[in-house]
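Working notes for the structure below.
The values are calculated or read from the model by the stated rules, or taken from the named source; none is laboratory data. Note that the structure is a prediction, hence the values are computed from the model and not measured. All Cβ positions, even for glycine, are placed from backbone atoms using ideal geometry, and neighbour counts span all protein chains on display.
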Amino acid sequence: MTIRVVIADDHRVVRDGLCYLLGQEADIEIAGEAGDGRQTVDVVAATRPDVLLLDLYMPGLDGHAVLAALHAAPHRPAVVVLTSATDDEHLVRAMRVGATSYLLKTASAEHVIAAVRDAAAGTASLSPELLTRLTQALRRPPLPDPLQPLSPRERDVLRLIARGHSNRQIARELAIGEQTVKTHVRSILTKLALQDRVQVAIFALRHQADSGEHRP
């Protein structure tokens, strides 16, 4: 059986290297490539690969947002995350949202090839170190949601502030009055203990209040 693979990474040299590496294997076929998150979702939909080799750090949609988008897609390939993100937060988020395997870009060529084959067969692949870290991280109590104090409408306003919208644009987008927007902004400042709109935007980006559309 031939394993059809899509490679998603925003660095062309990385994609070229992975295409060459995997292309040498008789049972692996490169079905497509993508250089950003939105393109990744489109290429997966168009090619219906068995395995997606996915970087987490990409423009447009980051890897986590791609995983979330694929979760509800008609075709869900097995996903091997291949990333430079070494922290537990990225590891746990990726595995919870549907990644089959998680590899660091320091992994050997043999490990990457084996992970692709394992993923196609429905088997997860984690190094012993990452498996230990994942197990420990899942045992920790979850951190409180930093957006918890906000109402759903205030979260909508926060998300649009993160996108650089003015109060007038927010009012138009949410079909509410501009004065109502100002009231929501004041409430956001108070609830989150922030001083101005710039801090609100930074907070929103840091905590990915903009639906994961920003680079981590």
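General observations
- Across the stretch 73-89, the number of residues qualifying as of a type outside the set (S, T, N, Q) and over 17 Å from Thr40 (Cβ atoms) comes to 3.
- One residue stands out in the stretch 193-205 among those that are closer than 11 Å to Leu158 by Cα and aliphatic (A, V, I, L, M): the one that is surrounded by the most Cβ atoms within 10 Å (Cβ to Cβ), namely Ala204.
- Of the residues making up the stretch 37-68, those that are farther than 19 Å from Val92 by Cβ, at pLDDT below 95 and among the small types (Gly, Ala, Ser) number 2.
- Residues of the stretch 41-80 satisfying the condition of being among the acidic types (Asp, Glu) and either assigned to a strand (DSSP E or B) or in contact (Cβ under 8 Å) with a residue 60 or more places away in the chain (or both): Asp50, Asp62
- Number of residues in the stretch 81-105 that are assigned to a strand (DSSP E or B) and without any contact (Cβ under 8 Å) to a residue 12 or more places away in the chain: the value is 0.
- Selection status of Leu91, crowded, with 22+ Cβ neighbours inside 10 Å and at pLDDT below 85: yes
Table: residues versus (1) modelled with pLDDT of 80 or more; (2) in the same structural domain as Ala31 (by TED's automatic domain parsing); (3) exposed (fewer than 10 other Cβ atoms within 10 Å of the Cβ).
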| site | (1), (2), (3) |
| --- | --- |
| Ser108 | yes, yes, yes |
| Ile113 | yes, yes, no |
| Val116 | yes, yes, no |
| Ala119 | yes, yes, no |
| Gly122 | yes, yes, yes |
| Ser127 | no, yes, no |
| Thr132 | no, yes, no |
| Thr135 | no, yes, no |
| Asp145 | no, no, yes |
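- Scan of the stretch 153-166 for residues that are over 25 Å from the mean Cα position of the chain (by Cα) and crowded, with 19+ Cβ neighbours inside 10 Å, ordered by number: none
- Check on Gly32, within 15 Å of the chain's Cα centre (by Cα) and either part of a loop (DSSP other than H, G, I, E, B) or not hydrophobic (A, V, I, L, M, F, W, C) (or both): no
- Residue match in the stretch 13-34 (condition: touching a His at 6+ places or on another chain (Cβ under 7 Å), of a type in the set (Lys, Arg) and at pLDDT 95 or above): no
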